[in-house]
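What follows is a set of notes on a single structure, which appears directly below.
The values are calculated or read from the model by the stated rules, or taken from the named source; none is laboratory data. Just so it is clear, the model here is predicted, and its values are computed rather than measured. Counting neighbours? That spans all protein chains shown, and the Cβs are built from the backbone with ideal geometry, glycine included.
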Amino acid sequence: GGIITQTPKFLIGQEGQKLTLKCQQNFNHDTMYWYRQDSGKGLRLIYYSITENDLQKGDLSEGYDASREKKSSFSLTVTSAQKNEMAVFLCASSIQGAQGNTLYFGEGSRLIVV
Amino acid sequence: GDSVTQTEGQVALSEEDFLTIHCNYSASGYPTLFWYVQYPGEGPQLLFRASRDKEKGSSRGFEATYDKGTTSFHLRKASVQESDSAVYYCALSDHGGNNKLTFGQGTVLSVIP
């Protein structure tokens, strides 16, 4: 089996600050994802990456940057933190290819903006 | 674009009650449909999936049947337990092979012993 590790578990920052979340996976999966989780709104896709150095925008990419430095890691940057962005951010990975492959999620990182 | 709608935002049941969480989707063709479950402090994990009309997915006593005619994938369980308390997400996968999932709003299930 494998695991997805997200760091930090809690990220506290000030309004306007640039903040970065990190994700590591040891599944050797090709594709990685960042989702934002808000109560009552489900999970919304921010960015995904199908291979090292690839980036694809999701539905909620405005205000975020992402970086896939190597196959096992995928980071997400909030470019200018706002109080209405406080949410849980979930990283996931999957095998590239056939439709319907399972996504494996990390435990999430909670962003708190003060 | 694709969308998933879960009718119930919160459901409160007693142990041994019957559970139904409604899920309807909008997408072209035959998307793969999923149910994910998220326990407190954990990330979502796959409960089961289905890829074809009339296919039934099931796991841990939960089940759902892919219905292309009504574009639905309702989650049911005959007798819930306190340990089933969690958030349940219905989702669909697009056809692009990138396995991007579109999720519903989530349903918080609370089972009272």
Fill in: Qualifying residues in region B:62-78 (those that are in a loop (DSSP other than H, G, I, E, B) and closer than 23 Å to B:Val111 by Cα) - the one nearest to the other protein chains (Cβ to nearest Cβ)
B:Phe73
Worksheet item: Taking region A:45-59 only, how many residues are surrounded by 16 or more Cβ atoms within 10 Å (Cβ to Cβ) and assigned to a loop (DSSP other than H, G, I, E, B)?
Response: 2
Response to the item:
Per the filter on region B:1-41, residues surrounded by fewer than 14 Cβ atoms within 10 Å (Cβ to Cβ), at pLDDT 95 or above and part of a loop (DSSP other than H, G, I, E, B) are B:Glu15, B:Glu16, B:Phe18, B:Tyr39
Practice prompt. State which residue is surrounded by the most Cβ atoms within 10 Å (Cβ to Cβ) when the search covers only region B:48-83 and only residues that are touching a Leu at 6+ places or on another chain (Cβ under 6 Å) and more than 21 Å from A:Asn101 (Cα to Cα).
Written response: B:Val80
Worksheet item: Which of the following residues is within 14 Å of another protein chain (Cβ to nearest Cβ) and touching a Ser or Thr at 6+ places or on another chain (Cβ under 6 Å): B:Ser85, B:Ser59, B:Ser51?
Response: B:Ser51
Worksheet item: For region A:28-58, which residues satisfy the criterion of being in contact with a strand residue (DSSP E or B) (Cβ under 8 Å, 6 or more places away or on another chain) and more than 13 Å from chain B (Cβ to nearest Cβ)?
Response: A:Glu52, A:Asn53
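Residue-wise test of (1) farther than 21 Å from A:Phe89 by Cα; (2) under 15 Å from the mean Cα position of the chain (by Cα); (3) among the small types (Gly, Ala, Ser).
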residue	(1), (2), (3)
B:Ala12	yes, no, yes
B:Leu19	yes, yes, no
B:Cys23	yes, yes, no
B:Ser72	yes, yes, yes
B:Ser79	yes, no, yes
Worksheet item: So which pairs qualify, if the first residue must be in region A:75-96 and crowded, with 21+ Cβ neighbours inside 10 Å, the second must be of a type in the set (Asp, Glu) and part of a loop (DSSP other than H, G, I, E, B), the Cβ gap must be under 9 Å, and the two must be at least 6 apart or on different chains?
Response: A:Ala81/A:Glu15; A:Leu90/A:Glu107; A:Ser93/A:Asp30; A:Ser94/A:Asp30
Worksheet, complete the sentence: Sole miss for B:Asp94 among (1) in contact (Cβ under 8 Å) with a residue 60 or more places away in the chain; (2) within 15 Å of the chain's Cα centre (by Cα); (3) within 14 Å of chain A (Cβ to nearest Cβ) is condition (2)
